[in-house]
Protein chains: 2
Amino acid sequence: MNIKEIAKLAGVSVATVSRVINNNPNVSSASKEKVLSVMAENNYTPNLFARGLNTKSINTVGILCPDIGDVNHARTVSSLEHSLRDRGYDVLLCCTGRQSKSTHEYLHLLSDKRVDAIFMVGCAGEEDPELSEYQKSGKRVPLIIVNGYLDLPGVYCVLCDERTAMCDMVKELFERGCRNMAFIEDSDTYSAYQKRQGFLDGIKLCGLAPNPKLHIRIDPFVQSELFCTKSIFSQLFEAGERIDAILAADDILAVGALQAMVQAGRSFPIIGFNNSEHAVCCTPALTSMDNRIDVQCNIAVETMLDILQGKDAIDKLVVSAKLEERETYRRE
Amino acid sequence: MNIKEIAKLAGVSVATVSRVINNNPNVSSASKEKVLSVMAENNYTPNLFARGLNTKSINTVGILCPDIGDVNHARTVSSLEHSLRDRGYDVLLCCTGRQSKSTHEYLHLLSDKRVDAIFMVGCAGEEDPELSEYQKSGKRVPLIIVNGYLDLPGVYCVLCDERTAMCDMVKELFERGCRNMAFIEDSDTYSAYQKRQGFLDGIKLCGLAPNPKLHIRIDPFVQSELFCTKSIFSQLFEAGERIDAILAADDILAVGALQAMVQAGRSFPIIGFNNSEHAVCCTPALTSMDNRIDVQCNIAVETMLDILQGKDAIDKLVVSAKLEERETYRRE
DNA sequence: TTGTATGCGTTATCAG
DNA sequence: CTGATAACGCATACAA
């Protein structure tokens, strides 16, 4: 069933049918009704390929993310998807599998599909030379990074002031008397880098000496990050290492450390990051820094709309984090 | 840059270029090389719309799921996406938002996009009359349900024997001496129904009387299912209700109950379901029934390939669950 | 307000 | 092995 057949059945021309489909006002209500009813009877829907061939757009955007199985990425994609669908856009999902190599490929793949924009979630921190090459090449699709930053022309970023948040947290704990704060991180994203720097900023500003022994890095590819973190901290406690606070770049890491702490019969502030469900699963419940991913996603989608409408959009927007207080740390 | 320009630059016809693009063997290696080099120089990629207009397929499948923010759905989609991409398929993601109404719409939306197949994740249990209507309507796209079952012609299902697994678990606990087992459930999916029936089967087979007070249903739309479950069980414990085992349809529910149990200073077997990360976040670590979603996804994709190749595929495939033993219950 | 004719970029058919 | 050309289904400029 195509537009020609509908036109014949409705006794009008294909142009008129096309106008009805596209809500063109220049159609008599009589024709319009007739066409609509014929379309309904035959439950006809226009072929999107043919349509896209003309309009160069199918109201579809691509989302690029390392792994949708990761809770944080899943939340982000979920939020983006809802915002986008509310505005009539479909979502093409690409999981790159954390291999920076293929990011490049996927970028091409998506723009070959003629998506209207591409969102990147959980992207790497370094200035990817391939990405800039991509931006230079003919295929200019609006590129929007969520919870990350890349200083490239034509790339728009929405992020969270995680560095400041982390730094302030360190200062706050220092005022509470903490002098031996541990820091745990895993992935190598821009976001991870910000948190690390924030921690180091704080340590420095408090006049403390950085202690490499308390700066833990967990390989994000291990079977279980939680278990790995837990055993490292168990060893530290057994070795009698002095620790009076822990800050983690992600909740799952914080939970691992928390379990080790409880097992060691100790108790001090632990702060997670991303405010995921993990924070409420553990006991005691984990205080966590919320990076406001929902807000970020909304802004990202608004930014996309601005770009597509030709308005000039802000290329770097920063939202502020918010501490979700639970049992492992409470402000006075 | 289109096929015509490439043809001109390479000094051949569009037909030859098209053959090169599609790996048609009937091209001299000389022409082939020439065309390939011209394509590379101009980093040309064929327009997928024009292509789809002829071939009726763009190697894209749709995935329909209530909410990608849900950890279980996220894991499933992640697994499907990987399998599919390995085989050259892209993924169009649609989150229906748990509203059965819109499932119908999304189904149409996806087939309008001319996807090659549609996977449904976390779908409702009842025989959706709209779905069967959909299947009857002209738009016949292979429909594959993961971790669910719908007895409809042309619908293929992969699932887990959760009913048996749950039933066996009850029997096992009975033999261990448990006589007052509680059951917690939330959503209203096919999977949820199976678990509930499995529990009731087990209770009956053990000659126990069903206790409505210990059959807890949590509204899946509450702010926090975990917290809700926890407070319900706290109340039960305070009221002196006798409970000597808990089975939950999902880990997050089990964790809530677990926290209440620990707080009440009690200890008995708790079994979660889906073997998610939640199970290792809590203390004691949660024993959980794994529904082998990765295996299910692989099978689902294989099924899709069979269907698309015209082979006749199995329309109902059942994998068996596997208990992941942790601290809340260990087999002897 | 309506219809005709043309083009969008490929693939497929057929003749060479 | 190659090339010309007709589809594919729709949008749109232009004419009426």
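The values are calculated or read from the model by the stated rules, or taken from the named source; none is laboratory data. Because the structure is predicted, anything quoted here is derived from the model rather than measured. No Cβ is skipped: glycine too gets one built from the backbone with ideal geometry, and neighbour counts run over all protein chains shown.
Answer with yes or no whether B:M304 is outside the structural domain of B:A245 (by TED's automatic domain parsing) and surrounded by 17 or more Cβ atoms within 10 Å (Cβ to Cβ). Yes; evaluated as a whole, the condition is true for this residue.
Looking across B:I307, B:I299, B:I271, B:I243, one residue alone is outside any loop (DSSP other than H, G, I, E, B) and closer than 18 Å to B:M169 by Cβ. It is B:I271.
Scan region A:75-92 and tell me whether some residue there is farther than 21 Å from B:G88 by Cα, among the β-branched types (V, I, T) and touching a residue at least 60 places away in the same chain (Cβ under 8 Å). Yes, the conditions are met somewhere in region A:75-92. Only a single item in (1) crowded, with 24+ Cβ neighbours inside 10 Å; (2) over 21 Å from B:P269 (Cβ atoms) is not met by B:Y190, and it is number (1). With respect to the conditions (1) near DNA strand C (Cβ under 9 Å from one of its atoms); (2) among the hydroxyl-bearing types (S, T, Y); (3) buried (at least 20 other Cβ atoms within 10 Å of the Cβ), B:T60 falls short on a single one, namely (1).
In region A:1-118, counting only helices (runs of 4 or more DSSP H) that sit wholly within it, the ones holding 3 or more residues that are away from chain B (no Cβ under 14 Å) and away from DNA strand D (no atom under 13 Å from the Cβ) span A:29-41.
Under the condition of being in contact (Cβ under 8 Å) with a residue 24 or more places away in the chain and of a type in the set (A, V, I, L, M, F, W, C), which residue from region B:175-204 is farthest from B:F221 (Cα to Cα)?
B:C178
Evaluating A:L247 against the criteria (1) within 23 Å of A:Q194 (Cβ to Cβ); (2) within 14 Å of another protein chain (Cβ to nearest Cβ) leaves one unmet condition, (2).
From the list B:N42, B:N2, the lone residue that is within 16 Å of DNA strand C (Cβ to nearest atom), at pLDDT below 90 and out of contact with any Pro (no Cβ under 9 Å at 6 or more places or on another chain) is B:N42.
The set of residues in region A:274-294 that are touching a helix residue (DSSP H, G or I) at 6+ places or on another chain (Cβ under 9 Å) and part of a loop (DSSP other than H, G, I, E, B) comprises A:N274, A:N275, A:S276, A:E277, A:C282, A:T283, A:P284, A:A285, A:L286, A:N291. Report yes if some residue within region B:222-240 is closer than 15 Å to B:N274 by Cβ, assigned by TED's automatic domain parsing to the domain that holds B:H278 and not in a helix (DSSP H, G or I); otherwise report no. No, the conditions are met nowhere in region B:222-240. Summed over region B:20-39, the residues that are near DNA strand C (Cβ under 8 Å from one of its atoms) and either crowded, with 18+ Cβ neighbours inside 10 Å or over 40 Å from the mean Cα position of the chain (by Cα) (or both) give a count of 0. Could you tell me whether any residue of region A:30-39 is of a type in the set (D, E) and modelled with pLDDT of 90 or more? There is at least one residue in region A:30-39 that is of a type in the set (D, E) and modelled with pLDDT of 90 or more. Put simply, of A:G154, A:G138, A:G177 the only residue that is over 17 Å from A:G272 (Cα atoms), surrounded by fewer than 22 Cβ atoms within 10 Å (Cβ to Cβ) and modelled with pLDDT of 95 or more is A:G177.
Results for (1) closer than 30 Å to B:P46 by Cα; (2) touching a Cys at 6+ places or on another chain (Cβ under 6 Å); (3) within 12 Å of DNA strand C (Cβ to nearest atom); (4) not basic (K, R), shown as yes or no for each residue.
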position: A:S13; (1), (2), (3), (4): no, no, yes, yes
position: A:N72; (1), (2), (3), (4): no, no, no, yes
position: A:R87; (1), (2), (3), (4): yes, no, no, no
position: A:C94; (1), (2), (3), (4): yes, no, no, yes
